[in-house]
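This report concerns only the one structure given below.
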Amino acid sequence: MITTTPFHPRLSELNSQGLYTHWQGQLSALRYTHAPKHEYFAVRNAVGVFDTSPLYKYRITGPDAERLLSGALVRDIRTCRPGQAQYTAWCDDRGYVMHDGVAFRHSPDDFLLTAGRPALSWFQELATAMRVELEDVTGAYGMLAVQGPRSRAVLAALMPEAESLAYFDHLPAKVAGTAVTLSRTGYTGDLGFELTVEADSAVAVLDAVLEAGAPHSIRPFGEEALMTLRIEAGLPLVDVEWHDARLAMSDADCVTPRELGFGWMLRGVRDGSRRFVGSEAIRRELVDGTSRWATTGIVVDEADWDRIHREVGLFPPKSEHPLPYESMLLDDDRAEIGYCTSFVYSPVLQRHIGIARVRPDLAAAGTELRLELAIAHHNTTVRVATSPMPFFDPPRKKG
Amino acid sequence: MDLDKLDRRRNFDAIVVGGGHNGLTNAAYLGKAGLRTLVLEKNDLVGGAAITERVSAGTLPSGFSFTTFSYALSLLRPEIIHELDLVKHGFLPLMMPSSFHPTGDGDYLLFGDDHGQNLQEVRRHSPRDADAYERYHHDLDAACRAVRPLFDNAPPDVFGSDPEDAVDVKWLVDHLRGVDRKTMHDVVRLLTGSAADWLDDYFEHEAIKGYHASSSIIGSKVGPMSPGSALVLLFHKMGEHDGHLGSWSFHKGGNGGFTQVLARAAEAYGAEIRLGAAVSSVLTENGRAVGVALEDGTELRAPVVVSALDPRRTFLDLVEPRELPLDLVDNVRRMKFRGVSAKVNFALDGLPVFPALPDTVDHYGGFLNIGPTIEYVERAFDAAKYGWYSEQPFIDAAIQSVVDPDMAPPGKHVMSCFVQYAPYELRGSDWTTERESFGDNAQAVLESHFPGFGDLVLHREVVTPVDIEARTGLTEGNIFAGEFLAPQMYFFRPAPGWSQYATPIEGYYQCGSGTHPGGCVIGAPGKLASRRILRDLER
């Protein structure tokens with residue numbers, strides 16, 4: 001049976017569309033109004049709220065909590081001090097990515113880990129004989145993302161601490177008399193925060209945020225807007241950019257952290273000074289240079305996009321809804337040299353962008369390639385160039 | 001300052017007169033091609049009629065900004081965004097997600113981004129008009145597609161004798177021969193007929209016709225029943241936002257925000273912009289342009305001088321008419337300007353309330369169209385025929401702070417109202433006398449649709465056609481730098497034989513909205529003129 005999040009009673013009232021999707025079996029709004037692009041612009045130019053409660057949440061406590069996580073997570077959790085959070089991932093023992101999530105460190109031996117897919121038993125098995133408690137607290141908390149250039153002003157009116165909270169830091173605060181965890185995190189690539197709140201108080205906290213945000217044109221945004229935002233931010237999504245390696249039926253469906261663009265998480269792997277599940281396989285990949293793919297951004301040559309549509313009498317579409325299928329990337333000889341996993345028209349960049357995987361020797365920024373697509377029922381290609389990500393990276397995000 | 005530096009401050013490859021959006025666009029393209037380009041702007045702010053100004057008035061709190069004149073973006077040719085790398089300089093068009101049309105009887109039409117919901121909204125008023133609505137937009141899109149190559153290229157010189165002219169004319173004829181006969185007939189009906197007749201062929205509901213007729217009169221001394229109004233409607237449909245034909249956006253910070261982006265782009269390509277530098281005349285030697293003289297007497301030299309001003313200023317003020325062919329001078333003198341548009345800009349204490357939609361703000365995301373039926377708008381036009389302003393005017397309003405909260409302090413709002421009709425010349429009075437009475441009319445109309453509106457008004461600015469002329473230089477306050485009348489378009493814009501951005505004076509060019517394709521914040525004249533200049537320079 002479908003379940004709802006702690007914010008649902010209020011957010012459903014604000015949803016004029018009745019359009020939902022199922023996010024890991026929980027009801028999640030696709031959009032709140034007729035115009036998801038307007039919701040998108042709330043985040044890029046004002047402030048929006050997104051219900052991110054369906055993420056799995058695991059509480060990990062005890063003297064060996066750090067030991068458990070440092071042996072499980074791709075990124076070095078020992079560098080995450082209490083009050084900080086880390087975006088991270090975890091792999092199977094072949095060094096293929098399973099899931100991603102954010103680890104919030106509340107104290108030396110108290111963590112909250114979010115996950116896109118269920119992972120409790122996997123961590124429990126790694127914790128055998130360790131002094132550590134693992135608890136699934138997914139339903140106990142609601143998580144509300146408050147994102148956009150005005151998010152700080154809105155939240156600072158409720159919690160002065162928001163004013164100076166640094167990127168990926170978090171702290172305990174109070175909203176409407178309720179204890180919350182306020183973190184400078186999000187999935188939009190913009191200035192933004194998330195509030196983690198006990199389920200029973202979720203609606204009261206949401207109401208306070210909406211009231212404080214009203215003079216700033218706050219509005220809830222749904223998954224359609226989020227998809228455009230996260231692609232602009234160059235943020236990968238499970239089951240779009242990659243699949244859980246433990247559930248894949250073929251190695252072709254698996255990617256390593258480096259292939260997925262997570263090479264920056266791998267400090268200490270090449271020299272063997274840091275060990276975690278899969279690290280030895282990843283070390284060999286780094287040393288032997290056996291990565292099959294490199295993840296890169298691609299940007300479309302808009303004049304070419306115009307041309308290929310106008311030549312067949314069509315108006316060139318510019319849709320902020322991501323393409324629902326994978327497209328091949330070709331070189332000038334029409335040989336397949338990669339594929340595009342996410343593709344969308346970016347309203348702030350005024351061009352089509354994509355997240356792609358290419359042969360590592362073709363990943364240097366500015367490499368010219370062709371993206372296959374069907375126009376007027378024929379396969380054709382459009383000129384693209386590889387580009388670093390994030391595509392959209394305003395100074396306010398970290399500033 | 002050494003002599004070399006002095007020389008560089010006085011000698012350029014090209015001088016653009018007028019820092020409106022077309023002048024800036026032209027300068028950016030010329031700069032990009034490597035020309036040392038100077039833009040001379042008479043005001044202390046670039047943008048011409050596309051400016052955003054901070055409002056300071058009495059006790060009004062700070063933080064309100066008005067788009068004094070031009071107020072939204074659509075016609076801008078999308079390729080300019082990429083060719084001038086405008087995103088890098090801050091280009092940010094914000095979606096205007098809705099379009100709201102009170103029907104005059106307490107009800108409304110509310111259109112948005114979801115086609116199916118729009119159909120239901122039409123059907124709520126007229127089931128018959130629902131599929132007509134789809135057919136209407138399809139046919140209009142087809143007409144736009146047919147016209148677009150003409151719109152985005154310089155008109156062929158049908159009067160020319162050069163072999164290249166023959167090639168251009170053949171291109172045009174070949175293109176037109178490829179247009180199917182229904183679309184061709186539609187195009188002719190649009191170019192010559194009235195919006196009312198065009199809309200009658202599709203719709204039965206008066207408010208649905210009224211809604212679609214609103215773009216047929218913008219900036220033009222026509223009513224929706226006048227032949228020629230359908231041309232204005234078609235012209236506006238040529239715009240787009242992110243590929244959606246006929247859609248509008250609100251640039252971050254208003255159209256002044258947009259012209260600041262253009263200015264940064266032009267400067268990044270090496271153009272220099274001088275403010276407070278009014279040009280008094282173009283200097284010529286032996287029938288060729290060699291520079292300009294400023295009103296303060298300074299002389300600046302360049303082998304290319306480009307006027308971004310309207311045709312009256314370009315041909316009658318900046319140069320001696322005696323240097324020009326008589327038929328050109330006659331045509332420019334005859335050209336119709338006849339501004340009929342005014343602005344009333346409001347700073348508001350909060351959002352107005354439309355009684356049938358008391359608990360939502362979503363109908364304020366885009367234009368508020370006050371002109372319930374064609375008859376209402378035509379009656380508003382009647383007054384203008386006889387030299388007076390509408391008692392119950394047509395208003396194209398937008399509460400811009402809903403889309404861009406940075407336009408007003410938190411919780412407060414700015415509302416831009418484009419108001420017609422306001423003829424430039426009043427019979428028996430003048431705009432100094434009538435300004436506030438005109439503003440009162442507009443406010444009263446808003447009050448009738450949004451009861452309590454007047455209580456929200458913190459500040460009101462009335463911008464008459466005379467103000468538009470005085471501040472921007474647009475003759476008679478015509479917002480398009482020459483009316484959109486068939487004899488003033490395409491081959492004939494601004495005058496027969498002079499539609500390709502050159503002038504009879506060698507080295508002297510025109511790039512303002514008085515040239516093809518015409519007005520609105522569009523950039524095409526600036527771009528097409530640069531193409532002509534660079535071709536002449538063989539660059």
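Using modelled backbone amide H atoms (1.01 Å from N, in-plane), which distant-in-sequence or interchain residues come within less than 5 Å of residue B:16's amide H?
When sequence neighbours closer than 5 places are left aside, the close amide H contacts are B:38, B:39, B:40, B:306.
With a 10 Å radius around each residue's Cβ, average the other Cβ atoms per peptide and rank A:53-63, A:91-101, B:508-518, highest first.
My ranking of the peptides, most packed first, is B:508-518, A:91-101, A:53-63.
Counting only other chains, and only Cβ atoms inside 10 Å, what mean value do you get across the residues of A:30-38? Mind dumping the intermediate values first?
Details: counts 0, 2, 1, 8, 13, 10, 4, 7, 12.
Counting other chains' Cβ atoms within 10 Å and averaging over A:30-38 gives 6.
Taking the Cα atoms of chain B, what is the range of coordinates along each of the three principal axes, in descending order and whole Å?
Largest first, chain B extends 69, 61, 50 Å along its Cα principal axes.
Most fluctuating residue of A:236, A:316, A:82 in a GNM of chain A with Cα springs under 10 Å: which is it?
Most flexible of the set in this elastic network: A:316.
Taking θ = phi - 60°, what integer Hz values does the Karplus form 6.51 cos²θ - 1.76 cosθ + 1.60 yield along region A:136-146, in sequence order, with x for Gly and Pro?
In residue order, the calculated couplings are 7, 10, 3, x, 7, 10, x, 10, 10, 8, 10 Hz.
How many Cβ atoms of partner chains, on average, are near each residue of A:343-354 if near means within 10 Å of its Cβ?
3
In straight Cα distance, which lysines are under 20 Å from residue B:336, not counting same-chain residues fewer than 8 positions off?
B:221, B:385
At q = 0.06 Å⁻¹, what log₁₀ I(q)/I(0) does the protein assembly as shown have when each alpha carbon counts as one equal point scatterer in the Debye sum?
Log10 of I(q)/I(0), two decimals: -0.47.
Based on the Cβ-Cβ distance from residue A:200 to residue A:332, what FRET efficiency comes out when R0 is 41 Å, to the nearest 0.05? Each step should come with its number before you reach the end.
Details: r = 60 Å, r/R0 = 1.47.
After rounding, the FRET efficiency stands at 0.10.
Within 10 Å of each Cβ in B:91-103, how many Cβ atoms from other chains are there, averaged over the peptide?
4
Return one number: the angle in degrees, 0 to 90 and rounded to the nearest 10, between the long axis of the Cα atoms of helix B:115-125 and the longest principal axis of the Cα atoms of chain B.
50
For a quick check: with amide H placed at 1.01 Å from N, whose amide H comes under 5 Å from residue B:69's, ignoring anything fewer than 5 positions away on the same chain?
Answer set, sorted by chain and number: B:51.
For residue B:241, list long-range residues whose amide hydrogen, built 1.01 Å from N in the peptide plane, is under 5 Å from its own amide hydrogen.
Amide H to amide H, under 5 Å and 5 or more residues apart or across chains, residue B:241 pairs with B:246, B:247.
Go ahead and set up a Gaussian network model of chain A, Cα springs under 10 Å, then flag whichever of A:128, A:367, A:88 fluctuates most.
Largest GNM mean-square fluctuation: A:128.
Taking a cut-off of 14 Å between Cα atoms, list the aspartates and glutamates near residue B:412, but don't count ones fewer than 8 places away on the same chain.
B:349, B:404, B:455
Compute the FRET efficiency between residue B:425 and residue B:296 as 1/(1 + (r/R0)^6), taking r as their Cβ-Cβ distance and R0 = 35 Å, and round to the nearest 0.05.
0.65
Pulled fully out, how much extra length does the chain show between residue B:56 and residue B:280, if you take 0.36 nm times their separation in residues and subtract their Cα-Cα distance?
Details: separation 224, 0.36 × 224 = 80.64 nm, distance 3.13 nm.
Value of the extension gain: 77.5 nm.
Kindly write out, for region B:97-105 in residue order, the coupling ³J(HN,Hα) from the Karplus curve 6.51 cos²θ - 1.76 cosθ + 1.60 (θ = phi - 60°), rounded to whole Hz, with x marking Gly and Pro.
So the Karplus estimates, Gly and Pro as x, are x, 9, 9, 10, 9, x, 8, x, 10 Hz.
According to the square roots a ≥ b ≥ c of the eigenvalues of the Cα gyration tensor, what is the shape class of chain A, taking rounded for a/c under 1.5, prolate for a/b larger than b/c otherwise, and oblate for the remainder?
Oblate is the answer for chain A, as a/c is 1.5 or above yet b/c matches or exceeds a/b.
Any chance you could run the full-extension gain for residue B:184 through residue B:44? It's 0.36 nm times the residue separation minus the Cα-Cα distance, nm to one decimal. Can you show the working numbers first?
Values: separation 140, 0.36 × 140 = 50.40 nm, distance 4.63 nm.
Roughly 45.8 nm would be gained on extension.
Give the cross-link partners of residue B:170 among the lysines, using a straight C-alpha distance below 27 Å as the criterion and excluding same-chain residues fewer than 8 apart.
Of all the lysines, those that pass the test against residue B:170 - Cα under 27 Å, at least 8 places apart if same chain - are B:182, B:237, B:527.
Using per-residue counts of other Cβ atoms within 10 Å, averaged over each peptide, order B:265-273, B:101-109 from highest down.
Per-residue mean Cβ counts within 10 Å order the peptides as B:265-273, B:101-109.
Say we join alpha carbon atoms closer than 10 Å with springs in a Gaussian network model of chain A; which of A:122, A:293, A:90 then has the biggest fluctuation?
Comparing A:122, A:293, A:90 in a Gaussian network model of chain A, the most mobile one is A:122.
Every number here is computed from the coordinates shown, using simple stated rules; none is lab data. Please read these numbers as outputs of a predicted model, since none were measured by experiment. For neighbour counting, all protein chains shown are included, and Cβ atoms are generated from backbone atoms with ideal geometry for every residue, glycine included.
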